[in-house]
1. Any idea which of (1) assigned by TED's automatic domain parsing to the domain that holds A:Ala162; (2) at pLDDT 90 or above; (3) of a type in the set (Asp, Glu) is the one A:Glu128 doesn't satisfy?
2. Which pairs turn up if I take residues in region A:36-61 that are under 17 Å from A:Pro116 (Cα atoms) and free of Cβ contacts under 8 Å to residues at least 40 places away in the same chain and look for partners that are among the aliphatic types (A, V, I, L, M) and surrounded by fewer than 20 Cβ atoms within 10 Å (Cβ to Cβ) with beta carbon separation below 8 Å, at least 6 apart in sequence or on another chain?
3. So if I check each of B:Glu203, B:Glu177, B:Glu160, B:Glu128, which one is of a type outside the set (Ser, Thr, Tyr), at positive phi and either within 11 Å of another protein chain (Cβ to nearest Cβ) or buried (at least 18 other Cβ atoms within 10 Å of the Cβ) (or both)?
4. Conditions: (1) facing chain A (nearest Cβ under 10 Å); (2) surrounded by fewer than 22 Cβ atoms within 10 Å (Cβ to Cβ). B:Arg140 meets all but one. Number of the miss?
5. Within region B:131-150, is there a residue that is more than 25 Å from A:Ala101 (Cβ to Cβ) and at pLDDT 95 or above?
6. Quickly run through region B:92-125 and pick out the residues that are facing chain A (nearest Cβ under 10 Å) and touching an Asp or Glu at 6+ places or on another chain (Cβ under 9 Å).
7. Of the numbered conditions (1) more than 28 Å from A:Thr202 (Cβ to Cβ); (2) small (Gly, Ala, Ser); (3) more than 7 Å from chain A (Cβ to nearest Cβ), B:Ala191 fails exactly one; give the number of that condition.
2 protein chains.
Amino acid sequence: MTDGAAPRRRGRPPRSAGDDGPGTRERILAAARTEFSGRGYDKTSMRGIGRAAGVDAALVHHYFGTKEAVFAAAIEVDFEPALTVDAILGDSLDGLGERLARHFLAIWENPATRTPLLAVIRSALTHEAAAKVLRGVVLRRLLERVAAELDVPDPRLRAELAASHMMGIVIMRYVLELEPLASTPPARIVALVAPTLQRYLTEA
Amino acid sequence: MTDGAAPRRRGRPPRSAGDDGPGTRERILAAARTEFSGRGYDKTSMRGIGRAAGVDAALVHHYFGTKEAVFAAAIEVDFEPALTVDAILGDSLDGLGERLARHFLAIWENPATRTPLLAVIRSALTHEAAAKVLRGVVLRRLLERVAAELDVPDPRLRAELAASHMMGIVIMRYVLELEPLASTPPARIVALVAPTLQRYLTEA
């Protein structure tokens, strides 16, 4: 009756306590995030993810299917802090621009959340497959939900213009490290940027 | 008396009509732009640039010194259209936001100018050496000159906020190809973005 005695079947992942218990998917996902973040999309392989997670590569395939799918799942985790938009949207559109600006800068100011996000953006900018995955996650989890709350013409376009400004700030502040933007206190940036976001999101 | 009979000296480029005549520097620079654009910063070598230009790698070193310096020279050429800011600044700050938005979108709408610019941005986002070079060129040739014309507190910060918005639009429209932004007519984007740029550049 025990799985441990069953012969291994070709093409199916081995089932043993260490390999495929509760938490295995999470362990693979954590390893995948480390691999993608450290090596970039291109140099990360299913085999490498398996090795980092201490499981056979076949188990990585079993849980996720393809490298693109593992990347998508990793992005969902990495973007989780950026995607908790419900609290930011709140009950009213008043002050939405300021809440969004403050929320995004807080995520990017924190190295623990910044590092994996930067890795995702770098991968997306250099690999079409990664760009496609990021596009899907950002659209579905962030832009469509913000757009649904807006009362302006072309709400999706408005949400994308607001998001583009935040993305450009992220790249110039944290990647290119252009001064004085890179060392300007977050509160000052929020004060300057909030009216722009507010206008895109609320003014017809 | 002829150079042709002189023995080659170690560490100095050979001098012959095909190698080092007028236009050699330009030929090397053109080859470098093609190499950086096609292969990215990391995979481009001084040897590869020399091969593509039909000259010895020593000549590439002779003219430019280091790979970073060739990259800097290539960026200056690629960014030339984006850096002709004098005409855009014009005589008055009225309508500056609109002129800037229209100018930048025109450059990015044209595949001949978009392709090398995208390659430069991708290199800068993935390699610190390339980021440093881009930072220097953009600061000196674009941001400092725009900032010098402004009559607001923190003019450099204002110029960088305006530039960050354009950079974010470029990435979301041309790299991630997020819809509807990717297929929105340039004139519509200019109309929406111009007031933002105008506010950053002129309102205290």
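1. (2)
2. Qualifying pairs under 8 Å: A:Ile49/A:Ala57.
3. So the residue among B:Glu203, B:Glu177, B:Glu160, B:Glu128 that is of a type outside the set (Ser, Thr, Tyr), at positive phi and either within 11 Å of another protein chain (Cβ to nearest Cβ) or buried (at least 18 other Cβ atoms within 10 Å of the Cβ) (or both) is B:Glu177.
4. (1)
5. No, that holds for no residue.
6. Correct list: B:Ser123 only.
7. If we test B:Ala191 against (1) more than 28 Å from A:Thr202 (Cβ to Cβ); (2) small (Gly, Ala, Ser); (3) more than 7 Å from chain A (Cβ to nearest Cβ), just (1) comes out false.
Residue-by-condition table, conditions (1) among the basic types (Lys, Arg); (2) outside any loop (DSSP other than H, G, I, E, B); (3) within 19 Å of B:Val137 (Cβ to Cβ); (4) at pLDDT 90 or above:
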residue	(1), (2), (3), (4)
B:Gly4	no, yes, no, no
B:Phe36	no, yes, yes, no
B:Tyr41	no, yes, yes, no
B:Gly50	no, yes, no, yes
B:Val55	no, no, no, yes
B:Ala74	no, yes, yes, no
B:Asp91	no, no, no, no
B:Phe104	no, yes, yes, no
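The values are calculated or read from the model by the stated rules, or taken from the named source; none is laboratory data. Since the model is a prediction, treat every value here as computed from it, not as a measurement. Ideal geometry is used to build each Cβ from the backbone, glycine not excepted, and the neighbour counts take in all protein chains shown.
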